[in-house]
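> Structure incoming, see below.
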Amino acid sequence: MPASQSAKDFFRPLAVGAPTPLTEIPFRPSRAIHFFDPSNAKMAAKIPAMVGTVDVLLGNLEDAVKADNKLAAREGLITIGRETDFGPTQLWTRINSLDSPWALDDLTALVEGIGDKLDVIMVPKVQGAEDIHYVDRLLAQLEAKAGLDRPILVHAILETARGMANVEEICGASPRMQGLSLGPADLAADRRMKTTRVGGGHPGYLVRQDPATGDEAGINAARTTYQQDLWHYTIARMVDACAMHGIYPYYGPFGDIADVVACEDQFRNAFLLGCVGTWSLHPKQIAIAHKVFSPSVEDIAHARRVVAAMGDGTGAVMLDGKMEDDASLKQCLVVVRLAEQLAAIDPELKKQYDAIEVG
Ligand SMILES: CC(=O)SCCNC(=O)CCNC(=O)[C@H](O)C(C)(C)COP(=O)(O)OP(=O)(O)OC[C@H]1O[C@@H](n2cnc3c(N)ncnc32)[C@H](O)[C@@H]1OP(=O)(O)O
Ligand SMILES: CC(=O)C(=O)O
Ligand SMILES: [Mg+2]
């Protein structure tokens with residue numbers, strides 16, 4: 001909430017006739033936010049058949065859509081939105097950046113055309129709370145005009161150093177805030193990092209084993225190196241800011257489509273640190289995201305054993321030589337609850353989870 005605003009006004013609609021803001025952002029499974037370019041006829045034609053195969057379908061209007069195709073992408077998304085029954089799959093969009101020639105018309109046309117179908121609008125290159133306030137008021141006006149009965153939520157991409165520095169105020173800027181994604185490509189450029197890729201690690205970012213001896217021979221001998229995660233600090237900051245404000249953090253894009261192994265590693269780091277999902281840029285990344293962002297059968301089995309062993313949830317018990325208490329129980333409940341939420345929308349996963357025997 002902005003410091004100058006009173007608590008009683010935070011949850012008031014920002015325009016007469018706009019839907020009442022939510023006081024809590026419900027958790028909706030969103031393991032993969034699958035990007036498509038609505039101006040690419042071949043890609044767009046595949047979208048109706050992808051309903052039900054991925055948690056979120058996102059019509060991208062920003063980077064990766066050619067400038068000449070911006071209007072076709074916007075119109076294409078409106079057509080797909082109108083003609084497709086999305087069932088349980090969420091429909092999101094990424095609009096153009098707020099300083100671009102397209103953002104205003106993106107918002108106006110999308111809310112008027114498919115505001116009743118859009119769950120979340122992703123806003124790129126968010127610098128501070130002022131960007132969210134602008135979108136917040138405009139959306140309220142557009143929602144009122146379109147007669148919508150539920151608010152469209154807003155998701156910010158962190159892809160500037162200023163946005164990172166303001167991450168907490170961005171998360172708390174509006175009751176519409178649904179979550180954050182990492183924008184590693186633009187963020188790297190803005191920070192003047194020396195990477196040249198879209199997300200993932202870098203072989204030069206490493207620590208090296210100490211030399212066996214302090215002389216030249218030891219220094220020049222083979223020494224094991226360990227590649228470090230370039231994004232650890234950023235993701236951890238995002239996770240804390242989101243948790244503090246009751247909204248959801250996501251990894252973002254992994255541009256090396258062919259390297260499915262490193263993609264899985266990067267996604268898993270984000271999952272373990274607290275992210276609820278990631279982006280998929282290519283259909284083959286959907287399965288990776290689903291695998292990583294759904295707790296494993298082994299983790300659920302262990303979590304359920306701890307829950308069972310902890311009885312009323314207080315005190316300490318020994319399980320397999322390890323101490324469990326209220327705090328480890330809480331972690332296990334995070335896993336168990338997530339498994340229940342995913343099983344409710346994913347019949348395959350439900351079968352696997354239902355078959356788990358708690359020993
Ligand atoms: C830094 C950022 O901002 S990241 C976010 C912005 N970037 C994006 O949104 C990129 C989205 N993805 C894409 O544009 C494409 O997947 C690319 C350019 C990466 C690769 O495209 P291609 O070279 O066509 O990939 P490939 O040949 O493997 O495609 C195989 C099939 O999947 C389809 N396909 C590829 N990507 C997608 C997608 N995102 N959604 C649906 N279908 C897709 C192709 O049309 C192709 O169909 P076909 O078999 O009928 O010919
Ligand atoms: C995600 C994105 O937009 C970026 O990495 O720049
Ligand atoms: Mg970007």
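The values are calculated or read from the model by the stated rules, or taken from the named source; none is laboratory data. Owing to the predicted nature of the structure, the values given are computational and were not obtained by experimental measurement. So basically every Cβ, Gly included, is an ideal-geometry build from the backbone, and we count neighbours across all protein chains shown. Areas reflect the complete protein model, heavy atoms only, side chains present, ligands, DNA and RNA absent. Shrake-Rupley method; radii C 1.70, N 1.55, O 1.52, S 1.80 Å.
> Looking only at residues that are over 22 Å from Val276 (Cα atoms) and among the acidic types (Asp, Glu) in the stretch 187-238, which one is farthest from ligand 3 (Cβ to nearest atom)?
That would be Asp215.
> Please work out if Pro101 is more than 16 Å from ligand 2 (Cβ to nearest atom), out of contact with any His (no Cβ under 9 Å at 6 or more places or on another chain) and at pLDDT 95 or above. Show your work before the answer.
Values: more than 16 Å from ligand 2 (Cβ to nearest atom): yes; out of contact with any His (no Cβ under 9 Å at 6 or more places or on another chain): yes; at pLDDT 95 or above: yes.
Spelling it out, Pro101 is indeed more than 16 Å from ligand 2 (Cβ to nearest atom), out of contact with any His (no Cβ under 9 Å at 6 or more places or on another chain) and at pLDDT 95 or above.
> Next question, about the same structure. I need a count of the residues in the stretch 86-122 that are basic (Lys, Arg) and either within 16 Å of ligand 3 (Cβ to nearest atom) or under 20 Å from Val65 (Cα atoms) (or both).
Taking the stretch 86-122 as the starting set, the residues that turn out to be basic (Lys, Arg) are 94, 117.
Next, only the ones that are either within 16 Å of ligand 3 (Cβ to nearest atom) or under 20 Å from Val65 (Cα atoms) (or both) stay: 94.
The number of residues fulfilling the criteria is 1.
> Same structure, new question: Can you pull out the residues in the stretch 171-218 that are assigned to a loop (DSSP other than H, G, I, E, B), surrounded by fewer than 23 Cβ atoms within 10 Å (Cβ to Cβ) and within 13 Å of ligand 1 (Cβ to nearest atom)?
Thr195, Thr196, Arg197, Val198, Gly200 - these are the residues of the stretch 171-218 that are assigned to a loop (DSSP other than H, G, I, E, B), surrounded by fewer than 23 Cβ atoms within 10 Å (Cβ to Cβ) and within 13 Å of ligand 1 (Cβ to nearest atom).
> Further, regarding this structure: What do you reckon, is Leu91 touching a residue at least 24 places away in the same chain (Cβ under 8 Å), closer than 27 Å to Asp9 by Cα and not hydroxyl-bearing (Ser, Thr, Tyr)?
Numbers: touching a residue at least 24 places away in the same chain (Cβ under 8 Å): yes; closer than 27 Å to Asp9 by Cα: no; not hydroxyl-bearing (Ser, Thr, Tyr): yes.
Judged against the criteria, Leu91 is not a match.
> So which of Asp37, Asp55 ends up being touching a Lys or Arg at 6+ places or on another chain (Cβ under 7 Å) and open to solvent by less than 30 Å² (accessible area, probe 1.4 Å)? Lay out the reasoning, then the answer.
Values: Asp37 fails: touching a Lys or Arg at 6+ places or on another chain (Cβ under 7 Å).
Selected residue: Asp55, the only one of Asp37, Asp55 that is touching a Lys or Arg at 6+ places or on another chain (Cβ under 7 Å) and open to solvent by less than 30 Å² (accessible area, probe 1.4 Å).
> Which condition from (1) away from ligand 2 (no atom under 16 Å from the Cβ); (2) surrounded by fewer than 21 Cβ atoms within 10 Å (Cβ to Cβ) is the one that Gly255 breaks?
Of the numbered conditions (1) away from ligand 2 (no atom under 16 Å from the Cβ); (2) surrounded by fewer than 21 Cβ atoms within 10 Å (Cβ to Cβ), the odd one out for Gly255 is (1).
> Still on this structure, please answer the following. Out of the residues in the stretch 263-279 meeting the condition of being within 16 Å of ligand 2 (Cβ to nearest atom) and part of a helix (DSSP H, G or I), tell me which one is nearest to Tyr233 (Cα to Cα).
If we filter the stretch 263-279 for residues that are within 16 Å of ligand 2 (Cβ to nearest atom), which is where we start, we get 263, 266-267, 270, 275, 277-279.
Checking which are part of a helix (DSSP H, G or I) leaves us with 263, 266-267, 270.
Working: Cys263: 18, Gln266: 14, Phe267: 15, Ala270: 11 Å.
Per the criteria, the residue is Ala270.
> Further question on the same structure: Restricting attention to the stretch 327-348, does a residue exist that is part of a helix (DSSP H, G or I), at pLDDT below 95 and under 30 Å from Pro88 (Cα atoms)? Outline the logic, then answer.
Narrowing the stretch 327-348 to residues part of a helix (DSSP H, G or I): 327-343, 347-348.
Checking which are at pLDDT below 95 leaves us with 347-348.
Then drop every residue that is not under 30 Å from Pro88 (Cα atoms), which leaves 347-348.
The answer is yes; a qualifying residue exists.
> Pairs, please: C-beta under 7 Å, at least 6 apart or cross-chain, first residue without any contact (Cβ under 8 Å) to a residue 60 or more places away in the chain and in the stretch 1-12, second open to solvent by 70 Å² or more (accessible area, probe 1.4 Å)?
Ala7/Met1
> Quick one: which residue in Lys70, Lys42, Lys66, Lys46 is farther than 19 Å from Glu112 by Cα, modelled with pLDDT of 95 or more and within 16 Å of ligand 3 (Cβ to nearest atom)?
On the way: Lys70 fails: farther than 19 Å from Glu112 by Cα; Lys42 fails: within 16 Å of ligand 3 (Cβ to nearest atom); Lys46 fails: within 16 Å of ligand 3 (Cβ to nearest atom).
So the residue among Lys70, Lys42, Lys66, Lys46 that is farther than 19 Å from Glu112 by Cα, modelled with pLDDT of 95 or more and within 16 Å of ligand 3 (Cβ to nearest atom) is Lys66.
> Looking at this structure, is Ile25 within 16 Å of ligand 3 (Cβ to nearest atom), closer than 18 Å to Cys242 by Cβ and modelled with pLDDT of 95 or more?
no
> Looking at the stretch 275-286, is at least one residue of a type in the set (Val, Ile, Thr), open to solvent by less than 50 Å² (accessible area, probe 1.4 Å) and farther than 26 Å from Arg28 by Cβ? Break it down into steps so the answer makes sense when it comes.
Of all residues in the stretch 275-286, those of a type in the set (Val, Ile, Thr) come to 276, 278, 286.
With the extra rule that they be open to solvent by less than 50 Å² (accessible area, probe 1.4 Å), the set shrinks to 276, 278, 286.
The next check asks that each one be farther than 26 Å from Arg28 by Cβ; those that pass are none.
Scanning the stretch 275-286, I find no residue that is of a type in the set (Val, Ile, Thr), open to solvent by less than 50 Å² (accessible area, probe 1.4 Å) and farther than 26 Å from Arg28 by Cβ, so the answer is no.
> Restricting the first residue to the stretch 286-307 and requiring it to be within 28 Å of Ile257 (Cβ to Cβ), which pairs with a second residue that is among the aliphatic types (A, V, I, L, M) and open to solvent by 50 Å² or more (accessible area, probe 1.4 Å) meet a Cβ separation below 7 Å and a spacing of at least six or different chains?
Note: pairs meeting the criteria are Ile288/Val260.
> Looking for whichever is farther than 27 Å from Gly255 by Cβ and of a type in the set (S, T, N, Q) here; the options are Thr84, Thr89. Which one fits? Before you say what the answer is, go through the steps one by one.
Working: Thr89 fails: farther than 27 Å from Gly255 by Cβ.
That would be Thr84, the only listed residue that is farther than 27 Å from Gly255 by Cβ and of a type in the set (S, T, N, Q).
> Let me ask something else about it. Can you give me the number of residues within the stretch 280-326 that are assigned to a helix (DSSP H, G or I) and away from ligand 1 (no atom under 16 Å from the Cβ)?
Looking only at the stretch 280-326, we keep the residues that are assigned to a helix (DSSP H, G or I), and these are 284-293, 297-309, 326.
From what's left, away from ligand 1 (no atom under 16 Å from the Cβ): 291-293, 297-309, 326.
Number of matching residues: 17.
> Can you name every residue in the stretch 59-77 that is more than 18 Å from His34 (Cβ to Cβ) and surrounded by fewer than 19 Cβ atoms within 10 Å (Cβ to Cβ)?
First, pick out the residues of the stretch 59-77 that are more than 18 Å from His34 (Cβ to Cβ): 66-72, 74-75.
Lys66, Ala67, Asp68, Asn69, Leu71, Ala72, Glu75 - these are the residues of the stretch 59-77 that are more than 18 Å from His34 (Cβ to Cβ) and surrounded by fewer than 19 Cβ atoms within 10 Å (Cβ to Cβ).
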